[in-house]
Amino acid sequence: MKLISIVGARPNFVKVAALHRAFRTEPAFDAKLIHTGQQYDARMSALFFAQLDLPRPDYYLGIDRGSPTRQTADILLRLEPILVTERPDWLVVVGDVTSTLASALVAVRLGVRVAHVEAGLRSGDRQMPEEINRILTDQLADLLFVTEQSGVDNLRREGIADETIRLVGNVMIDSLIHYRPQATALNTVGSLGLTPKGYLLLTMHRPANVDSEAGLRTLIELVTKLAERQPVVFPLHPRTRTNAARFGLLERLTRLPGVMVLKPQGYLEFLNLLEQATLVLTDSGGVQEETTYLNVPCLTLRPSTERPVTIALGTNRLQPDMTIDNVLQAVDSLLANPPERTQAIPYWDGYAATRIAAAIRRYPAP
Ligand code: UDP
């Protein structure tokens, strides 16, 4: 059985690494990999292939570096001839990025079955490009692998057939469990001169937070105030860096007292920074789940989350507006009363990818 997995952006690498490890143990599987090139920066891509033991992609699409529309168009045109030649039984797509939806669209047109890993998540906010990618990819997929019960409920509500839905757990957590010992041994926290459980970790890259000058000025003010509480570690996403440079704010951002602005971190380095942080502030999707698994408090700087289990059972809390006083109040309250995970999240046990491989092998049997 031939499977082709698609990767395009940083969170995809972390997820597909777990899938590929499981696919390799299925003797009947011939598993290949296509990198669209959506994220191409060495620190966002090559570094992850090396750390996550991902094989060299069988194909690299080298898509345009421009807008999501151009990237979508490029994927449609460049993926089609490959799928025509390879004729895979399954195309496996993960998450909610441009590459996810565009690749699924090519596959269904050619009659190739699509498996969507991390299906069913919904923020309810259609302003987020990721939300549109999620909804449409789920409509196209033949098998939908879900990380948490809310995803199953969402899919049912949208009329997706029950027999195509599988609650299997979280492949991102599979990777975390697999690589955590290596990350701990690396001791990035020590090498940076940080005190374990003595710093705040910040990641910001969503367009709503970093695409405008006003948003970035607010961010700088916030970071300044945060650093009065504890040292702030801030690995800068390329999007945030580019925008800060465009508005002439990069210099200021990188020289704030008490703030360690870093390059985007490798997966292992970042995991170590995550597990030793007092509190994580983020607008990332995956980081909300990783902090819940690690039982580290997380303040998500977004009005909504597509991962509600991280709030219901985990350590995640939402901060819907970026008004400085409100954010600081939330931070102080979390520092004073750190939320704790109330129970293990069902199926977040390191075996999601194994379940996915078995379900694909057995398809269409349940
Ligand atoms: N991550 C990383 N280095 C960093 C920041 C994040 O390795 O400097 C990892 C993080 O642990 C998670 C993934 O990248 O596994 C999340 O990616 P991102 O926040 O870019 O995407 P999102 O989850 O928001 O789609």
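The values are calculated or read from the model by the stated rules, or taken from the named source; none is laboratory data. Because the structure is predicted, anything quoted here is derived from the model rather than measured. All Cβ positions, glycine included, derive from the backbone under ideal geometry; neighbour counts span all protein chains shown.
The set of residues in the stretch 205-219 that are under 13 Å from Arg241 (Cβ atoms) and either away from the ligand (no atom under 16 Å from the Cβ) or crowded, with 18+ Cβ neighbours inside 10 Å (or both) comprises His205, Val210, Leu216, Leu219. Listed by first and then second residue, the pairs linking a residue in the stretch 139-164 that is of a type in the set (Asp, Glu) to a residue that is surrounded by 20 or more Cβ atoms within 10 Å (Cβ to Cβ), with Cβ atoms under 6 Å apart and 6 or more places separating them unless they lie on different chains, are Asp142/Val114; Glu148/Val309.
Looking at Leu91, is it surrounded by 24 or more Cβ atoms within 10 Å (Cβ to Cβ) and in contact (Cβ under 8 Å) with a residue 40 or more places away in the chain?
Working: surrounded by 24 or more Cβ atoms within 10 Å (Cβ to Cβ): yes; in contact (Cβ under 8 Å) with a residue 40 or more places away in the chain: yes.
Yes; evaluated as a whole, the condition is true for this residue.
Could you list, in sequence order, all residues of the stretch 241-268 that are more than 15 Å from the ligand (Cβ to nearest atom) and assigned to a loop (DSSP other than H, G, I, E, B)? Hits for the stretch 241-268 are Phe247, Gly248, Leu249, Arg255, Leu256, Pro257, Gly258.
So for the stretch 269-279 (the condition being away from the ligand (no atom under 15 Å from the Cβ) and touching a residue at least 12 places away in the same chain (Cβ under 8 Å)), does at least one residue qualify? Yes, that holds for at least one residue.
Could you tell me whether Ser175 is among the polar types (S, T, N, Q) and either within 27 Å of Gly266 (Cα to Cα) or not assigned by TED's automatic domain parsing to the domain that holds Asp53 (or both)? When the stated conditions are applied, Ser175 passes them. Looking only at the stretch 284-293, which residues are closer than 16 Å to Leu202 by Cβ and either among the aliphatic types (A, V, I, L, M) or more than 7 Å from the ligand (Cβ to nearest atom) (or both)? Val287, Gln288, Thr291, listed by residue number. For the stretch 70-82, indicate whether the set of residues that are within 16 Å of the ligand (Cβ to nearest atom) and assigned to a helix (DSSP H, G or I) is non-empty. Yes, the stretch 70-82 has at least one match. Among the residues of the stretch 179-192, are any without any contact (Cβ under 8 Å) to a residue 40 or more places away in the chain, aliphatic (A, V, I, L, M) and in the same structural domain as Gln265 (by TED's automatic domain parsing)? Yes, the stretch 179-192 has at least one match.
Looking at the structure I just gave you, is Pro55 in contact (Cβ under 8 Å) with a residue 24 or more places away in the chain, loosely packed, with under 15 Cβ neighbours inside 10 Å, away from the ligand (no atom under 16 Å from the Cβ) and assigned to a loop (DSSP other than H, G, I, E, B)? Answer is yes for this residue. The lone criterion from (1) farther than 24 Å from Gly124 by Cβ; (2) under 15 Å from the mean Cα position of the chain (by Cα) left unmet by Glu340 is number (2).
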